[in-house]
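The values are calculated or read from the model by the stated rules, or taken from the named source; none is laboratory data. The shown structure was predicted, so the numbers you read here are calculated from the model rather than taken from an experiment. Counting neighbours? That spans all protein chains shown, and the Cβs are built from the backbone with ideal geometry, glycine included. With ligands, DNA and RNA removed, areas are computed over all heavy atoms of the protein, side chains included. Shrake-Rupley method; radii C 1.70, N 1.55, O 1.52, S 1.80 Å.
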Amino acid sequence: MIKIYEAKDYQEMSRKAANILSAQIILKPDCVLGLATGSTPIGTYDQLVEWYEKGDLDFSKVKSVNLDEYKGLEKTNDQSYYYFMHKHLFDRVNIDPANTNVPDGMETDTEKECQRYEELIDSLGGVDIQLLGIGRNGHIGFNEPDSAFAQKTHCVNLAESTIDANKRFFASADEVPRQAYSMGIGTIMRAKKILLLASGEDKADAVAKAFFGPVTPEVPASILQFHSDVVVIGDTLALSKMPR
Ligand code: F6R
C-alpha cells in the first residue's frame with residue numbers, strides 16, 4: 001500500500017522523513033537502515049544530525065546498507081557514495097563505521113561483489129526501512145528503465161539521462177562513471193518498509209507515472225505499487241502532476 005504525504009517544500013519534506021527514520025531508530029535501536037545518496041536526502045540527514053546532537057537520537061546500534069555506488073571510484077574520491085555518506089551522515093553521528101555498508105566500487109569482480117552484497121543484506125536480517133529518491137526517468141537506486149526488473153544487486157550501465165543529471169557533481173560529463181553497482185528492484189522490494197522522497201518540479205512526471213501509471217520496468221519505481229508498506233513524501237512541486 002502506498003501512502004502519499006505532501007510537504008510544502010524541501011525543508012518540510014526533509015523533517016517529515018527524518019521523523020519517520022527517527023521513529024524507526026527509537027522503536028528498534030539495532031535496525032537496518034537502507035540509505036540513499038543524491039541531493040534529495042541531504043536535508044533529511046542534516047535533520048537527523050541535529051536531533052542526534054540534541055541527544056534525541058542514538059545511532060550506536062544502527063546498521064546501514066546503501067543502495068548503490070559508482071564503479072571505479074575510490075572511497076576517497078569526493079564523488080563516491082562512500083564519501084558522500086561519511087560527509088553527510090556517518091562522520092556526524094555515533095554510528096559504528098563497521099556497521100555501515102556501501103557496495104565496493106573498486107571491486108572489479110562484478111559477480112563476487114554483487115553476491116557479497118546480497119548475502120550481507122540477508123545476514124543482517126534484511127532492511128527495516130529503505131530510503132529512496134527517484135530519478136527523472138523513474139529510476140530507483142541505479143535501476144534504469146529497462147525491459148525487465150533486475151532481481152538482485154547488479155552492475156548497471158548508466159542511462160544517458162542519469163549521466164546528464166549527475167554531471168553537475170563532476171568537472172565534466174566525461175568524468176561521470178559509466179557503470180555502478182546497485183541493489184536490484186528485487187532487493188529493494190524485500191525491504192520491510194519503503195520511504196521515497198521527491199522534491200522539485202523535475203520529479204513531477206516521474207512521481208505521477210510511478211504511482212498512478214502502469215507497473216512497468218520502463219518506470220522502475222512503479223514496482224513499488226506492489227509493495228505492502230510504502231510512504232512517499234513529496235513537496236508540492238514534485239506532487240504537482242498527480243491526478244487529483
Ligand atoms: C542515490 C540513488 C538515486 C537517486 C536519484 C535521485 O543513491 O540511488 O536513485 O535517489 O537519482 O537523485 P537526486 O536526489 O540527486 O535527485
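Things worth noting here:
- Of all aspartates and glutamates in the structure, the ones whose alpha carbon falls short of 14 Å from that of residue 8, not counting any fewer than 8 places away in one chain, are 201, 235.
- Between the listed residues 77, 148, 165, the Cα displaced farthest toward the positive end of the dipole of the chain, a dipole computed from Cβ unit charges relative to the Cα centre, is found at 148.
- Average accessible area per residue (Å²) across segment 126-243 - probe 1.4 Å, nucleic acids and ligands excluded: 39 Å²
- Using a probe radius of 1.4 angstrom, the carbon and sulfur fraction of the accessible surface of segment 1-90 is 50%.
- Principal axis box of segment 149-225, alpha-carbon based, largest edge first, Å: 37, 30, 21
- For residue 61, the aspartates and glutamates whose Cα falls under 19 Å of its own Cα, not counting residues fewer than eight places away in the same chain, are 30, 50, 53, 91, 96, 122, 128.
- Exceeding the 18 Å Cα-Cα cut-off - candidates 16/193; 63/192; 167/241; 71/203: 167/241; 71/203
- All other residues whose Cβ lies under 10 angstrom from that of residue 92 are scored, Lys and Arg at +1 and Asp and Glu at -1, for a net of -3.
- Here segment 149-190 is described by how far its Cα atoms reach on the three principal axes: 36, 14, 14 Å, from widest to narrowest.
- With the alpha-carbon atoms of the chain aligned to their principal axes, the span from lowest to highest coordinate is 41, 41, 35 Å, starting with the largest.
- Order by protection proxy (mean Cβ within 10 Å, highest first), peptides 166-179, 7-20: 7-20, 166-179
- Pairwise Cα distances in segment 55-124 exceed 20 Å in 33 percent of cases.
- Just the protein heavy atoms count here, and of the accessible area of segment 99-235 at 1.4 Å, carbon and sulfur take up 48 percent.
- A Gaussian network model of the chain, with springs between Cα atoms under 10 Å, assigns the largest mean-square fluctuation among 54, 63, 193 to 54.
- Dipole magnitude of segment 120-244 about its Cα centre (Cβ charges: Lys, Arg +1; Asp, Glu -1), debye to nearest 20: 280 debye
- Of the peptides 82-91, 203-212, the ranking by mean beta-carbon count within 10 Å, highest at the top, reads 203-212, 82-91.
- Of the two radii for segment 3-126, the radius of gyration is 0.98 times the Kirkwood radius, both from the alpha carbons; that is the Rg over Rh value.
- The 3J(HN,Hα) values that the Karplus relation (6.51, -1.76, 1.60; θ = phi - 60°) gives for segment 225-237 are, in residue order, 4, 8, 8, 7, 8, 10, 10, 10, 10, x, 7, 3, 5 Hz. Gly and Pro appear as x.
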